[in-house]
1. Yes or no: residue A:621 over 22 Å from the mean Cα position of the chain (by Cα) and under 30 Å from residue A:588 (Cβ atoms)?
2. Pairs needed: first member in segment A:712-725, at positive phi; second member anywhere, crowded, with 21+ Cβ neighbours inside 10 Å; C-beta distance under 7 Å; at least 6 residues apart or different chains.
3. Of A:353, A:325, which residue is at pLDDT 95 or above, surrounded by 24 or more Cβ atoms within 10 Å (Cβ to Cβ) and in the same structural domain as residue A:264 (by TED's automatic domain parsing)?
4. For segment A:410-422, check the following and say yes or no: at least one residue is in contact with a strand residue (DSSP E or B) (Cβ under 6 Å, 6 or more places away or on another chain), within 21 Å of residue A:562 (Cα to Cα) and in the same structural domain as residue A:489 (by TED's automatic domain parsing).
5. Kindly provide the set of residues from segment A:581-614 that are farther than 25 Å from residue A:202 by Cα and surrounded by 15 or more Cβ atoms within 10 Å (Cβ to Cβ), ordered by number.
6. Being under 21 Å from residue A:227 (Cβ atoms), in contact with a helix residue (DSSP H, G or I) (Cβ under 7 Å, 6 or more places away or on another chain) and modelled with pLDDT of 90 or more, is that true of even one residue in segment B:74-84?
7. Which one is nearest to the chain's Cα centre (by Cα) among residues in segment B:37-51 that are modelled with pLDDT under 85 and at the interface with another protein chain (Cβ under 10 Å from one of its Cβ atoms)?
């Protein structure tokens, strides 16, 4: 009776979480503070940092006693105002857990065991493998696969070593799997990546349009802020568009449970309502918007209106399988609200039409003028603590260079060559492979050496069987910089390096609202762990990179160079000295001088330092040559693989509140592990009845790629015809079920939809 | 089934009376007195009830004499727990609408 036990534990867990949240909300009586007060072993000091989990980027204070972390509490001066979710509150057991990689390990032959090796030997081996590969097969035979969990300094440095030192753009990272479509949406619509608003907008919004995000489980602290906003102002409306009836949807005024993959049609239809009921804002779009037709050519408002005719609500309601009234209501509330804030995440991004879906959210804001005002903004939520600051902003993706520069742009390459002191032409003009293509190239022996840093692709890539095979290629030399020995990727690694984890070294994280916060070193790591900045510097020197390029003693040196590289760009954070970051609890860029307070809202005269004080209009989308953002006429198409006669169900991937990503961290916390110990499949009760499946029974979830046995959770959370699986469980690698089709623009895989079937085990 | 937590601000002199009321409520499953800067006197309360009835329960609590303010902090809705509550013999109020 595993499930009975599991449910009882989960119930206790939820009660405990509810109480801890209540206590944490009373800021001077948070659980950690109470624990601290009750503990005679009081911390000697509290060290400032950032939570290691999601992209909310909550500030934390780590209590240290005799060189050991003993307590944690929310930073009252950061945006989270002292609040933490339960995962964040339980970070100390992760830091102190015994299951750590504490020294370098080598696999002398494929299929053999990992055995200890000295740091010196490990770095020599790694350097010689990379040097040999570059000498024999050229610089494009080596690669870096980074992470939104690396520090900004680590990502910036790796990017510089590979693009400037080795001369290859084979640099990508796991934000390709989660945020690339949001990047594509912002850059195509506004000309610049990253949200224009901030979390402060939550406190000003009078309508929330939450689409493709289970905020309550994936971003609990922000969800609490949204829920509180509605509680304080009962007139605040919440529209949740999600095929699952999640906890997020339970506080909604309207929950639109559309058929998976039809959300683009839904948003076009909302635009149709807005225009036909004259709820649009011509004063705004006349001044600040260009219309772009499906072929990418300039168009007019009348063209847009004509385009939307194919998305009349009555027709779209049939396509989406929702009541037509919901479309009218959603369009009206969105437009008529005093300030509408959209929030979205993986449900929008992890799609073959991810960039287009992002564009359509921005369309609604631009059409109604619900943008660049307090509470009115289109805000993409982020999954990892440093996907924004570390990977997007430093340009650590295959097509990017630092601070929004593009590999394909000769002027941008020349700028970076000058800034990095490289000879002209050193940076390759060839865009590197995106994540899926990178691992495919590894399988074909086109890439032979790869460093995988603080991420677990053997667990997270889609269509995993294909990529496990690629990672097993005997020609491949895989280095994994990984803190936890149970990460699946270690099974494929030839060399494992032991990194200092979280507050065992200092560095900057940049969260979803453009806020850069410093985590200071609080404790020494176990065994022989080293800061990854030092590992990369030493590796680069041994691999033949010009020592002048990596003349850094520590992360602070790297930060100071990166800060100056940002100067004069639209990312300018040159005013964020290390000293300021030590004193302040995060600063939002742009921040072009040491006395600048940071920028809560971009593109607005008088707020954003990059908009000239004498600019003739209040809003100026300076990312575009003519200062106008784009409303795109993006055709709505289906998923890459729709259900059919053989595979009649939609399968989607989801998160649970108890675990973060592949659970290499949350799995170390007994309370979290007990609450949700294993994967399951969520099935609507109507579908369960159809297949004669009972709650708790084992069922086989099968797609064209694999079949996995999972216990059934029967409920009304999924809409009929949809089943959902969480991906945290290393014993049930559910990503084997999903296909590796990608968005043609962002190259982000479609984890959110594929066709599946069910049968009893 | 819904599990939620609230902070109730309560007049200092009426703490005992409100505590007695809360203790007698079937839906109130955990209770802690608070004395802090933000809540001079009051309670952190964990509630467990049928999902569809949570809103009514919150209204009821807010309208209790001597409750000055109610803040909803956390709410989780889950069907599995309801089934479990029923199996475990807890009074269940039927399926959520």
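The values are calculated or read from the model by the stated rules, or taken from the named source; none is laboratory data. These numbers were taken from a predicted model, which means no experiment stands behind them. Positions of Cβ are backbone-derived with ideal geometry, glycine not excepted, and every protein chain shown enters the neighbour counts.
1. Working: over 22 Å from the mean Cα position of the chain (by Cα): yes; under 30 Å from residue A:588 (Cβ atoms): yes.
In short, yes.
2. Within 7 Å, the pairs are A:721/A:649; A:721/A:650.
3. Numbers: A:325 fails: surrounded by 24 or more Cβ atoms within 10 Å (Cβ to Cβ).
Only one candidate qualifies: A:353.
4. Pass one, segment A:410-422, residues in contact with a strand residue (DSSP E or B) (Cβ under 6 Å, 6 or more places away or on another chain): A:412, A:416.
Those still in the list that are within 21 Å of residue A:562 (Cα to Cα) too: A:412, A:416.
Now restrict to residues that are in the same structural domain as residue A:489 (by TED's automatic domain parsing): A:412, A:416.
Among the residues of segment A:410-422, at least one is in contact with a strand residue (DSSP E or B) (Cβ under 6 Å, 6 or more places away or on another chain), within 21 Å of residue A:562 (Cα to Cα) and in the same structural domain as residue A:489 (by TED's automatic domain parsing), which makes the answer yes.
5. Within segment A:581-614, the subset farther than 25 Å from residue A:202 by Cα is A:582-583, A:592-595, A:612-614.
Scanning segment A:581-614 gives a single hit, A:592.
6. Filtering segment B:74-84 for residues under 21 Å from residue A:227 (Cβ atoms) gives B:74-79, B:81.
With in contact with a helix residue (DSSP H, G or I) (Cβ under 7 Å, 6 or more places away or on another chain) added as a condition, the list becomes B:74-77, B:81.
Filter once more, keeping what is modelled with pLDDT of 90 or more: none.
Looking through segment B:74-84, none of the residues is under 21 Å from residue A:227 (Cβ atoms), in contact with a helix residue (DSSP H, G or I) (Cβ under 7 Å, 6 or more places away or on another chain) and modelled with pLDDT of 90 or more.
7. B:51
For every residue, the table says whether it meets (1) modelled with pLDDT of 95 or more; (2) surrounded by fewer than 22 Cβ atoms within 10 Å (Cβ to Cβ); (3) farther than 26 Å from residue A:351 by Cα; (4) within 14 Å of chain B (Cβ to nearest Cβ).
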position: A:183; (1), (2), (3), (4): yes, no, no, no
position: A:189; (1), (2), (3), (4): yes, no, no, no
position: A:205; (1), (2), (3), (4): yes, no, yes, no
position: A:209; (1), (2), (3), (4): yes, no, no, no
position: A:217; (1), (2), (3), (4): no, yes, no, yes
position: A:232; (1), (2), (3), (4): no, yes, yes, yes
position: A:241; (1), (2), (3), (4): yes, no, no, no
position: A:244; (1), (2), (3), (4): yes, no, no, yes
position: A:248; (1), (2), (3), (4): no, no, no, yes
